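Below is one structure, written out as structure tokens; comments come after it.
The values are calculated or read from the model by the stated rules, or taken from the named source; none is laboratory data. Not measured: the values here are computed from a predicted model. Note that each Cβ is placed from the backbone with ideal geometry, even for glycine, and that neighbours are counted across all protein chains shown. When the accessible area is computed, the model is the full protein with side chains, heavy atoms only, and any ligands, DNA or RNA have been set aside. Shrake-Rupley method; radii C 1.70, N 1.55, O 1.52, S 1.80 Å.
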Amino acid sequence: MPKHIGIAACSAEGAALCYRTICVEGAALLGGHAHPEVSMHTPSLEEYMQCIYRGDWEGVAEMMLASARKLAGTGADFVICPDNTLHQALPYVLPRSPVPWLHIADAVMAEARARGYQRVGLSGTRWLMEGPVYPAALMRPDAAEREEMNRIIMDELVRGVFKREAVAFFQRVYKRMKDAGCEAVVMGCTEIPLIVSDANSPLPTLDSTRLLARAALRRAI
């Protein structure tokens, strides 16, 4: 039997895409309408954000641990978090977690290596781009780009608002990164894949949402 996947959710849009990917691609692997059992717990995004605004990563970890305990109680064998930024708190989580976790950056960087990319860019919230979740060697947008990217993510994408202007902004940033020598870009906010893909990006994309879902499927099956 496949293992039971637990999803410790943060924002609704990214978690929903991860959940759908597990179910749809799981059926493609297992046949018929089959997919691994999935449970999800979603605390209020505002509670997470208040911790993040304060730089309280131990507080973030306590919320992640609360999700992990509830998911373990449903029978989840392991947990994933479809939110890159929250992974900054994962070192506080792992020693006390009742179940193992998969790390989103591990899944993404493994894919980058498998594709042979040497120079990779990173996009996401400002906390992610200025934090330690991904290797320091990854190319980041400049300060003004980071602020606007963060605004689009927090004011629009996590609220389910998808604007053509946002798509155009990401395309400009990715084009500049390509011109600077980038070979691919990590979509390190799990909502970015809702507006950007290989079909409209100047750079090949590394979709953290779907790559985490696929890593969970490999672990489960």
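Mind checking which lysines have their C-alpha under 24 Å from Lys178, skipping anything on the same chain fewer than 8 residues away? Answer for Lys178, where 24 Å is the Cα cut-off: Lys163, listed by chain and number.
With a 1.4 Å probe and every protein chain left in place, work out the accessible area per residue of the chain in Å², rounded to a whole number.
44 Å²
Solvent-accessible area assigned to carbon and sulfur over the chain amounts to 51 percent, based on a 1.4 Å probe.
Here's the picture: charge each Lys and Arg Cβ at +1 and each Asp and Glu Cβ at -1 in the chain, and of Ala72, Pro36, Ile195 the one pushed furthest to the positive end of that dipole is Pro36. Diagonalising the gyration tensor over the Cα atoms of the range 1-81 and scaling each eigenvalue by 5 before taking the square root yields semi-axes of 27, 14, 8 Å, largest first. Extending 7 Å from the Cα toward the beta-carbon at both Glu165 and Ala144 defines two label points whose distance is 1.6 nm. Could you run the Debye sum over the Cα atoms of the range 97-209, one equal point scatterer each and no solvent, and tell me log10 of I(q)/I(0) at q = 0.11, 0.15, 0.21 Å⁻¹, two decimals? Log10 I(q)/I(0), no solvent term: -0.32, -0.60, -1.17. A simple rule links phi to the HN-Hα coupling: the Karplus curve 6.51 cos²θ - 1.76 cosθ + 1.60 with θ = phi - 60°, which for the range 73-88 gives x, 7, x, 4, 7, 7, 10, 10, 10, x, 8, 5, 4, 4, 5, 4 Hz, with x for Gly and Pro.
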